[in-house]
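J.: Mind having a look at this structure? Questions to follow.
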Amino acid sequence: MPRPFNPDKIPEPKDLRPFDPPKGNLALEIGCGVGYHPVQFALENPGIFLIAIERTKEKFEKFQRRYENHDSPKNLYPVFGDAIPWIHHKLPDHCLDQIFILYPNPYPKSKHQNRNFLNMPFTQELIKKLKMGASLELATNSKEYVEAIEGNLKSLNTMGLKLNEKKVIPKDFKWRTHFEKKYLERNDECINLFFRYHNRNQD
Ligand SMILES: C[S@@+](CC[C@H](N)C(=O)[O-])C[C@H]1O[C@@H](n2cnc3c(N)ncnc32)[C@H](O)[C@@H]1O
């Protein structure tokens with residue numbers, strides 16, 4: 001069970017642009033790396049507005065170039081910086097239809113599991129941003145990460161997030177991100193966890 005989330009400890013985001021969430025379908029990608037997935041997703045889903053956040057400068061710069069090389073899709077909003085302050089300060093509660101966390105940096109040692117997305121205190125805050133029925137998809141090649149999330153399912157359930165599907169990604173899958181490509185090519189087992197946010201009282 002993650003420690004309670006303490007909003008007083010979250011600094012202001014570095015990105016100072018005001019953000020007004022557009023009406024309609026809203027998605028968020030945390031740690032999008034060099035941005036292959038957000039650009040493809042935005043092009044393939046013109047009816048969905050995607051916010052994609054990356055905190056590593058070199059990766060973000062590649063993402064930004066990819067975004068501009070694809071005519072800066074109007075439904076894609078790249079954000080440079082740490083996702084946690086941005087989400088906390090810029091997003092109202094219950095505004096998101098979809099979250100992607102694809103191959104987040106894992107902290108495999110058991111004592112550091114609470115630094116991982118879905119095991120960290122911030123999870124409570126992230127879940128609050130979901131609309132009823134919204135989805136959250138997390139992919140990883142780390143068995144320890146999956147085991148730690150599975151050990152935490154009861155607490156996620158209490159917060160309204162329910163694991164709907166756990167799937168091993170087939171080796172011939174059309175990769176979505178550069179890390180997915182790398183891991184599948186070297187025969188790592190990649191797992192996709194698909195959650196849905198539901199009414200806490202429903203089972
Ligand atoms: C292993 S890489 C995966 C990148 C991409 N999703 C992919 O699959 O190719 C993880 C990325 O998450 C980013 N990241 C980790 N924690 C983050 C945070 N709190 N806010 C924004 N980006 C974060 C890292 O900078 C890194 O680029």
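J.: Can you say what percent of the DSSP beta bridges in the chain, counting only those with both residues inside, are antiparallel? Round to 5. Let's see the in-between values first.
T.: Working: 13 of 33 bridges.
So the antiparallel bridges in the chain amount to around 40 percent.
J.: Round to a whole number: what % of the accessible area of the range 22-197 belongs to carbon and sulfur, probe 1.4 Å?
T.: 50 percent
J.: With an 8 Å cut-off on Cα pairs and a minimum separation of 6 or more residues, tell me the relative contact order of the chain in percent.
T.: After rounding, I find 21 percent.
J.: Under a plain spin-label model, where a point goes 7 Å from the Cα along Cα-to-Cβ, how far apart in nm are Glu44 and Lys14?
T.: Taking the two extended label points, one gets 3.1 nm.
J.: Given a cut-off of 28 Å, name the pairs among Lys90/Lys182; Lys62/Lys166; Lys62/Lys182 whose C-alpha atoms lie farther apart than that in the structure shown.
T.: Details: Lys90/Lys182 33 Å; Lys62/Lys166 31 Å; Lys62/Lys182 17 Å.
From the list (Lys90/Lys182; Lys62/Lys166; Lys62/Lys182), the Cα-Cα distance tops 28 Å for Lys90/Lys182; Lys62/Lys166.
J.: Multiply the residue gap between Lys57 and Asn164 by 0.36 nm, knock off their C-alpha separation, and tell me the result in nm, one decimal place.
T.: 35.1 nm
The values are calculated or read from the model by the stated rules, or taken from the named source; none is laboratory data. Here the structure is a predicted model, which is why all the values come from computation and not from measurement. Note that each Cβ is placed from the backbone with ideal geometry, even for glycine, and that neighbours are counted across all protein chains shown. With ligands, DNA and RNA removed, areas are computed over all heavy atoms of the protein, side chains included. Shrake-Rupley method; radii C 1.70, N 1.55, O 1.52, S 1.80 Å.
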